[in-house]
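Step one of this worksheet: look at the structure below.
The values are calculated or read from the model by the stated rules, or taken from the named source; none is laboratory data. This one's a predicted model, so the numbers in the text were calculated from it and none came from an experiment. Cβ atoms come from the backbone with ideal geometry, glycine included; neighbour counts cover every protein chain shown.
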Amino acid sequence: MTYQEKRSIVNIFSGLIIAIIYGLFVFHRHQQGRFDLTLDYKVWGIIFLIFIGVSIIARIIIYIIFHIINTITTKEVEIPISDEREKMINLKARSNAYHTFSLSFIAAFVLLAMGKPFYWMFIVFIISGILSEIVENTSQIYYHRKGI
Amino acid sequence: MSKSTIQNSIRKLRFNADEMTQQQLADKVGASRQTIVAIEKGNYSPSLELAFRIAHVFNTPLEEVFTYDENKPLDKKQITCN
């Protein structure tokens, strides 16, 4: 397995773990009555902004740990260079992720049109964010293995 | 995914160049070893610039490194991309 493939797998699992832990934390506070996610949309904004910050910091830490473990196990100190094929793979994978997110975006509005509560849209945004990241990283693994 | 219509003789050229490794060729052309592997297998068609750099390493004309297989029909995806 190449460095890029391992990195993609780490990205998928770290993204899932961070979102699940943060989601459970927020839901627990909602159940405790500290805020009402069904009515207070300002809280959603704060939750999203904190999530972005938490996610970036957690990913940096996870990436450093991954690189250290990879260096110890494979004895490869240098990160492989990002050449034209790598950039092409990233571009195609990002395109797939973009399409996934666009579909979820439409799904959110379909739910609103069906009369579902407004906060459902935020939940769909979170799920679509996670889903598009999974699609992006899975696509990267696929293109690395099967070619572009 | 179907193999490329562009064939190459990089493997043979590497062998003739004192059994140059894929990593050595990758370092010389500024690409990763995985890219060289993909090109050799026909899973990736390099850009014109990279193709010229590979030919330059072997001191060979481009058409001796890469050949276009006219008999192989283009698949739908390749037509769309090109």
Report task. Could you tell me which residue of the stretch B:6-48 is farthest from the other protein chains (Cβ to nearest Cβ), considering only residues that are over 24 Å from B:TYR68 (Cβ atoms) and among the hydroxyl-bearing types (Ser, Thr, Tyr)? Result -> B:THR21
Requested in this report: Write out, first by first residue and then by second, each pair whose Cβ atoms fall under 6 Å of each other, whose residues are 6+ apart or on separate chains, and whose first residue, in the stretch A:83-109, is outside any helix (DSSP H, G or I) while the second is surrounded by 15 or more Cβ atoms within 10 Å (Cβ to Cβ).
Outcome: A:ASP83/B:ALA31; A:ASP83/B:SER32; A:ASP83/B:THR35
Query raised in the report: If you go through the stretch A:75-110, how many residues are over 30 Å from A:PHE122 (Cβ atoms) and either modelled with pLDDT of 95 or more or within 12 Å of another protein chain (Cβ to nearest Cβ) (or both)?
Result: 13
Query raised in the report: Within the stretch A:22-45, can you find the residues that are free of Cβ contacts under 8 Å to residues at least 12 places away in the same chain, surrounded by 12 or more Cβ atoms within 10 Å (Cβ to Cβ) and not aromatic (Phe, Trp, Tyr)?
Result: A:ARG29, A:HIS30, A:ASP40, A:VAL43
Query raised in the report: When only residues in the stretch A:134-148 that are closer than 13 Å to A:HIS99 by Cβ and not hydrophobic (A, V, I, L, M, F, W, C) count, which is nearest to the other protein chains (Cβ to nearest Cβ)?
Result: A:SER139
Query raised in the report: So which pairs qualify, if the first residue must be in the stretch A:67-79 and in contact (Cβ under 8 Å) with a residue 60 or more places away in the chain and among the acidic types (Asp, Glu), the second must be surrounded by 10 or more Cβ atoms within 10 Å (Cβ to Cβ) and in a helix (DSSP H, G or I), the Cβ gap must be under 8 Å, and the two must be at least 6 apart or on different chains?
Result: A:GLU76/A:TYR3; A:GLU76/A:ASN70
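May I ask you to list the residues in the stretch A:1-35 that are in a loop (DSSP other than H, G, I, E, B), closer than 26 Å to A:LYS87 by Cα and either at pLDDT 90 or above or out of contact with any His (no Cβ under 7 Å at 6 or more places or on another chain) (or both)?
Here is the first cut: in the stretch A:1-35, the residues in a loop (DSSP other than H, G, I, E, B) are A:1-2, A:33-35.
Subset that is closer than 26 Å to A:LYS87 by Cα: A:1-2.
The one that is in a loop (DSSP other than H, G, I, E, B), closer than 26 Å to A:LYS87 by Cα and either at pLDDT 90 or above or out of contact with any His (no Cβ under 7 Å at 6 or more places or on another chain) (or both): A:MET1.
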